[in-house]
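The values are calculated or read from the model by the stated rules, or taken from the named source; none is laboratory data. Because the structure is predicted, anything quoted here is derived from the model rather than measured. Because the Cβ atoms are built from the backbone with ideal geometry, glycine has one as well, and the counts that use them run over all protein chains shown.
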């Protein structure tokens, strides 16, 4: 386009004394040279700007990926603290049946465990629930900790696992069941829940990680992959530790999948 210009270029100059525009012819060669130089300079500036934008985008993408991957397994003071929790109860609802035992352990970092047996609030119990847990309501009524004292002990232990700016994250297999009892007892006896108002369900996490149906998140499927077919024992602490092992392996698998996906891009 530049070399098709055949006429004399004219540079327009504003003449202040007459408030009009006048034009002065310049040499064709000089004008073409200046015009081409301006185009080349402009293109170089645009190219430089685009290059910097792309470099910035690549850097941001890399930073985001590294930050996500490290967050999944980071045990630094700024991370969430995953705590695996399991309970055994006298029935399916905290409004009707008692919370009998609580087991808990940390998922990552230095291992720490908690276990307490509670005195029943009522002797009402479903025989099938006691058959599964093999707990005795009579023995717990004699030897169990009063619920308020038990929840205070649990609260203290949870706080010992976290430091400033850390959040304890309640982790459980089929978390809604365990959560509803623990949350109810914390609020009923202490007035608040140190875990906040949310829980992490291992079954739901596995559903997303493995891309399976909800029915395939049952323990018989999950234990085949992560526990060598070992089933839960329905002892609160032992089950909490098995759940922690499952979730820890899931975190590792998810982290490896992210690394593989990133390296293939």
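Below, the figures for the structure above:
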| item | result |
| --- | --- |
| Count - residues of region 96-106 that are part of a loop (DSSP other than H, G, I, E, B) and either at pLDDT below 95 or crowded, with 22+ Cβ neighbours inside 10 Å (or both) | 1 |
| Any helices (runs of 4 or more DSSP H) falling wholly within region 107-222 and containing at least 3 residues that are within 22 Å of the chain's Cα centre (by Cα) and touching a residue at least 24 places away in the same chain (Cβ under 8 Å) | 147-161, 175-189, 202-210 |
| Enumeration of residues in region 223-233 that are in a loop (DSSP other than H, G, I, E, B) and in contact with a helix residue (DSSP H, G or I) (Cβ under 8 Å, 6 or more places away or on another chain) | 227, 229, 230, 231, 232, 233 |
| Those residues of region 153-175 which are modelled with pLDDT of 95 or more and surrounded by fewer than 16 Cβ atoms within 10 Å (Cβ to Cβ), in sequence order | 153, 156, 159, 160 |
| Residue match in region 185-192 (condition: crowded, with 17+ Cβ neighbours inside 10 Å, in contact with a strand residue (DSSP E or B) (Cβ under 7 Å, 6 or more places away or on another chain) and at pLDDT 95 or above) | yes |
| Some residue of region 120-142 being in contact with a strand residue (DSSP E or B) (Cβ under 7 Å, 6 or more places away or on another chain), more than 30 Å from residue 224 (Cα to Cα) and modelled with pLDDT of 95 or more | yes |
